[in-house]
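Contents: one structure, followed by commentary.
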Amino acid sequence: MKTEISQREAIVDIFARGKVHELQVEPKEERIRVMIKLKWTTCDVCKLKGAGHHEAILQVRGKGKLSAEVLRDIRKKLERCAIEAGRKNRAAFIAKIEDVRGGLDLYINPISLARRMADLLKAEFGAEVSETRKLIGRTPNGQRKFKVSLLARL
């Protein structure tokens with residue numbers, strides 16, 4: 001198969017070989033050149049990523065001031081956690097990371113990934129984790145939808 005591509009259309013050479021009926025002795029061969037129009041689209045997960053969609057905010061704070069080295073270590077571990085989750089579920093990602101006074105804010109999709117990251121901070125850094133929810137609406141099937149904020153205080 002040979003392809004020539006421009007931005008809006010492509011010409012494709014197609015070769016097909018096969019039997020139409022089981023009693024057919026020789027297979028039939030066909031070659032055809034087809035021009036197709038290309039329609040560029042974005043998948044649903046990429047749309048969410050591009051829009052910065054998030055279901056949860058993980059706030060990482062210290063009881064005192066956290067050093068830049070500790071924040072860098074935390075950031076790397078949380079990013080690795082998101083990458084591992086993204087291998088199993090394409091919709092699992094960090095939409096945005098903000099450096100704020102006293103720590104980090106991570107905007108995360110889905111809520112389960114944010115909870116997993118909070119558990120990681122609890123296990124590795126002894127963080128105290130608290131969770132709050134805010135009702136933001138309803139899904140098309142009537143389920144209540146929440147935006148979750150997790151505070152991990154080291």
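The values are calculated or read from the model by the stated rules, or taken from the named source; none is laboratory data. No experiment lies behind these values; they were computed from the predicted model shown. Every residue, glycine as well, gets a Cβ built from its backbone with ideal geometry; the counts of neighbours run over all protein chains shown.
For segment 71-102, a residue qualifies if it is in contact with a Gly (Cβ under 8 Å, 6 or more places away or on another chain) and hydrophobic (A, V, I, L, M, F, W, C), and the qualifying residues are 71, 92, 93, 95.
Evaluating residue 99 against the criteria (1) of a type in the set (Asp, Glu); (2) in contact with a strand residue (DSSP E or B) (Cβ under 9 Å, 6 or more places away or on another chain); (3) surrounded by 12 or more Cβ atoms within 10 Å (Cβ to Cβ); (4) farther than 25 Å from residue 44 by Cα leaves one unmet condition, (3).
Every condition in (1) touching a strand residue (DSSP E or B) at 6+ places or on another chain (Cβ under 8 Å); (2) in a helix (DSSP H, G or I) is met by residue 120 except one, and the failing one is (1). Taking the criterion of being under 28 Å from residue 137 (Cα atoms) and of a type in the set (Phe, Trp, Tyr), would at least one residue in segment 83-97 satisfy it? Yes, because at least one residue in segment 83-97 is under 28 Å from residue 137 (Cα atoms) and of a type in the set (Phe, Trp, Tyr). All but one of (1) part of a strand (DSSP E or B); (2) within 16 Å of residue 52 (Cα to Cα) hold for residue 114; state the number of the condition that does not hold. Tallying (1) part of a strand (DSSP E or B); (2) within 16 Å of residue 52 (Cα to Cα), residue 114 fails exactly one: (1).
Output yes when any residue across segment 25-33 is surrounded by 10 or more Cβ atoms within 10 Å (Cβ to Cβ), over 23 Å from residue 109 (Cα atoms) and not basic (Lys, Arg), and no when none is. It would help to see each step written out before you state the result.
Step one: of segment 25-33, the residues surrounded by 10 or more Cβ atoms within 10 Å (Cβ to Cβ) are 27-28, 33.
This time we only want the ones that are over 23 Å from residue 109 (Cα atoms), so: 27-28, 33.
If we keep only those that are not basic (Lys, Arg) as well, we get 27.
Yes, the conditions are met somewhere in segment 25-33.
Considering (1) assigned to a helix (DSSP H, G or I); (2) touching a residue at least 12 places away in the same chain (Cβ under 8 Å); (3) charged (D, E, K, R), the lone condition that residue 134 does not fulfil carries the number (1).
Is it the case that residue 87 is without any contact (Cβ under 8 Å) to a residue 12 or more places away in the chain, assigned to a helix (DSSP H, G or I), surrounded by 10 or more Cβ atoms within 10 Å (Cβ to Cβ) and in the same structural domain as residue 130 (by TED's automatic domain parsing)?
Values: without any contact (Cβ under 8 Å) to a residue 12 or more places away in the chain: yes; assigned to a helix (DSSP H, G or I): yes; surrounded by 10 or more Cβ atoms within 10 Å (Cβ to Cβ): no; in the same structural domain as residue 130 (by TED's automatic domain parsing): yes.
No, not satisfied.
Would you confirm whether any residue within segment 56-78 is exposed (fewer than 10 other Cβ atoms within 10 Å of the Cβ) and among the hydroxyl-bearing types (Ser, Thr, Tyr)? Taking every residue of segment 56-78 in turn, none turns out to be exposed (fewer than 10 other Cβ atoms within 10 Å of the Cβ) and among the hydroxyl-bearing types (Ser, Thr, Tyr). Name the residues in segment 111-154 that are at pLDDT below 95, more than 17 Å from residue 72 (Cα to Cα) and surrounded by 14 or more Cβ atoms within 10 Å (Cβ to Cβ), would you? Hits for segment 111-154 are 146, 147. The combined condition, being assigned by TED's automatic domain parsing to the domain that holds residue 144 and within 21 Å of residue 151 (Cβ to Cβ), is fulfilled by residue 98.
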